[in-house]
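Nothing in this text is a laboratory measurement; each read-out follows from the coordinates by a stated rule. In this text the structure is predicted, and so the values were computed from the model without any measurement. Using ideal geometry, Cβ is built from the backbone for each residue, glycine included, and neighbour counts are taken over all protein chains shown.
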Amino acid sequence: MEISASALTAQRLRMNVTAENLANAETTKTAAGTPYRRKEVTLEAVGSGDGFGSALSKAMGSGSGVAPGGVQATAITEDATDGKLVYDPSHPDANAQGYVRMPNVDTVTEMVDLIDAQRSYEANVTAMSASKQMFAKTLEILR
């Protein structure tokens, strides 16, 4: 349940960052004076020991491996690529030639990332529910 809970937290963060990217897809000027830059979440496994074998041995009680600990967000980074230039001389942020530097956010990519995070979130909710049912069944058997 702890592993699923950590994954739920990580996927919620991914969805929040993706929503922020989508909300700023047209933001041509931030507080820094530059166009908005797409943000990405970096995730990392926590306490997985030497891999699956170690985790299985620990779970079976026969090994000295490290118990799996789930996942955590290690960083939220900005994508360094430049956005495209769009010709719009009437835009307030247009340069002398009439071009505006747009954010490097691609709405299709963001929607795919959002769907991926949502499916991962749903899978972890299902895993947590299954664990809860197994615990309840175990308690029922022990009565």
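A few comments on the model shown:
- Between residue 82 and residue 2, residue separation times 0.36 nm minus the direct Cα-Cα distance comes to 24.9 nm.
- Largest GNM mean-square fluctuation among 22, 43, 85, using the chain with Cα springs under 10 Å: 85.
- Sequence-separation-based contact order of the chain, relative, with Cα cut under 8 Å and 6+ spacing, percent: 31
- Using a cutoff of 8 angstrom between alpha carbon atoms and counting only pairs six or more residues apart, the relative contact order for the range 82-143 works out to 22 percent.
- Applying a length cut-off of 20 Å (Cα extent along the axis) and a mean Kyte-Doolittle floor of 0.0 to the DSSP H helices of the chain leaves 2-23, 107-142.
- log10 of Debye I(q)/I(0), alpha-carbon scatterers only, for the chain at 0.13, 0.15, 0.22 Å⁻¹: -0.73, -0.86, -1.26
- Farthest towards the positive end of the charge dipole of the chain, among the residues 131, 36, 142, is the Cα of 142, using unit charges on the Cβ of Lys, Arg, Asp and Glu.
- Label point distance in nm, residue 20-residue 127, each placed 7 Å from Cα along Cα→Cβ: 2.5
- Computed [θ] at 222 nm, deg cm²/dmol, the chain (DSSP H ≥ 4; -39,500 (n - 2.57); rounded to nearest 500): -16500 deg cm²/dmol
- Given charges at beta-carbon only (K, R positive; D, E negative), |dipole| of the range 84-143 in Debye: 420
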